[in-house]
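Structure first, then comments.
The values are calculated or read from the model by the stated rules, or taken from the named source; none is laboratory data. Not measured: the values here are computed from a predicted model. Please note: Cβ atoms are built from the backbone with ideal geometry, for glycine as well, and neighbour counts cover all protein chains shown.
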Amino acid sequence: MNVSLKDGERLDELQRNGYVIIQDPKRFCFGMDAVLLSGFARVKKGEKALDLGTGTGIIPILLEAKTEGKSFTGLEIQKDSADMAQRSVKLNRLEEKVRILTGDIKEASHIFGASSFHVVTCNPPYMIADHGIKNPEAPKAIARHEVLCTLEDILVQASKVLMPGGRFYMVHRPFRLTEILTGLHSHGLEPKRMRLVYPYLDREPNMVLLEALKGGKSGMTVERPLVIFQRPGEYTDEIYDTYGY
């Protein structure tokens with residue numbers, strides 16, 4: 001497949017099915033949180049999945065590689081990022097299973113219609129809009145801060161586009177956990193699984209992975225901790241497995 005790279009872009013290997021992804025370090029490159037979310041989310045055979053704020057398409061592409069889902073859609077508001085994602089899909093010859101649309105998360109239910117997906121994933125901006133932003137229009141600021149959408153916007157739209165019994169998966173920061181759990185419950189997304197991610201076993205967690213069920217009954221399982229490093233510069237076996245090394 002003849003897909004050209006633009007100035008500043010690079011091609012990164014994903015260690016899955018020979019897939020690669022186009023990224024631009026000056027804009028925003030995917031991090032470990034996206035990879036961990038792709039390993040935590042479950043997309044069953046025949047199911048349709050939507051990734052809100054997909055960036056360069058890392059989560060739909062990895063979910064296609066790791067699961068037996070029928071189709072994977074990414075929604076991204078930044079045109080340059082969506083363009084990179086679309087070219088990565090073509091480069092990996094995934095057009096029949098993965099599609100990327102340019103659009104606003106706040107309009108997801110209008111774009112796709114209600115009850116359109118079995119699974120929704122999101123690796124959202126972690127910080128509130130006024131927390132240390134220097135340039136609110138910069139791509140990295142948009143990816144990291146709630147400039148163009150809030151946690152509330154994401155939960156509202158996820159609930160609308162999910163089918164009854166559908167599953168919502170998100171990675172976030174533990175310091176907002178109370179707000180997240182309250183918000184999920186208030187929008188009919190009942191938290192069912194939670195896993196805290198620790199950089200080292202003796203440190204505080206710096207990420208949390210969550211699964212919620214639309215219309216689910218009360219009751220949540222807290223899974224064993226996920227530890228990133230067993231020693232400086234050396235991942236744990238589980239992280240090596242998640243990355244596909």
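In the stretch 17-26 there is no residue matching the filter, namely being of a type in the set (V, I, T), touching a strand residue (DSSP E or B) at 6+ places or on another chain (Cβ under 6 Å) and assigned to a loop (DSSP other than H, G, I, E, B). When L201 is tested against (1) more than 17 Å from T150 (Cβ to Cβ); (2) assigned to a strand (DSSP E or B), just one condition goes unmet, and that condition is (2). Residues in the stretch 145-173 that are at pLDDT 55 or above, closer than 16 Å to I105 by Cα and not hydrophobic (A, V, I, L, M, F, W, C): T150, E152, D153, Q157, S159, K160, Y169. Once the stretch 59-76 is narrowed to residues that are buried (at least 19 other Cβ atoms within 10 Å of the Cβ) and in contact (Cβ under 8 Å) with a residue 40 or more places away in the chain, the residue that is farthest from M32 (Cα to Cα) is G69. Of all the numbered requirements in (1) within 25 Å of P199 (Cβ to Cβ); (2) in contact with a helix residue (DSSP H, G or I) (Cβ under 9 Å, 6 or more places away or on another chain), D12 misses one, and that requirement is (2).
Every condition in (1) of a type in the set (G, A, S); (2) surrounded by 19 or more Cβ atoms within 10 Å (Cβ to Cβ); (3) not in a strand (DSSP E or B) holds for S218 except the one numbered (2). On the given criteria, is G183 in contact with an Asp or Glu (Cβ under 7 Å, 6 or more places away or on another chain) and either in a loop (DSSP other than H, G, I, E, B) or surrounded by 12 or more Cβ atoms within 10 Å (Cβ to Cβ) (or both)? Yes; evaluated as a whole, the condition is true for this residue. Name every residue in the stretch 155-173 that is β-branched (V, I, T) and outside any strand (DSSP E or B), in order of residue number. V156, V161, listed by residue number. Does L62 satisfy the condition of being touching a helix residue (DSSP H, G or I) at 6+ places or on another chain (Cβ under 6 Å), of a type outside the set (S, T, N, Q) and more than 18 Å from I154 (Cβ to Cβ)? Judged against the criteria, L62 is a match.
Of the residues R176, R224, which is in contact with a helix residue (DSSP H, G or I) (Cβ under 8 Å, 6 or more places away or on another chain), outside any strand (DSSP E or B) and not aliphatic (A, V, I, L, M)?
R176
In this structure, D12 does satisfy being surrounded by 12 or more Cβ atoms within 10 Å (Cβ to Cβ), without any contact (Cβ under 8 Å) to a residue 60 or more places away in the chain and charged (D, E, K, R).
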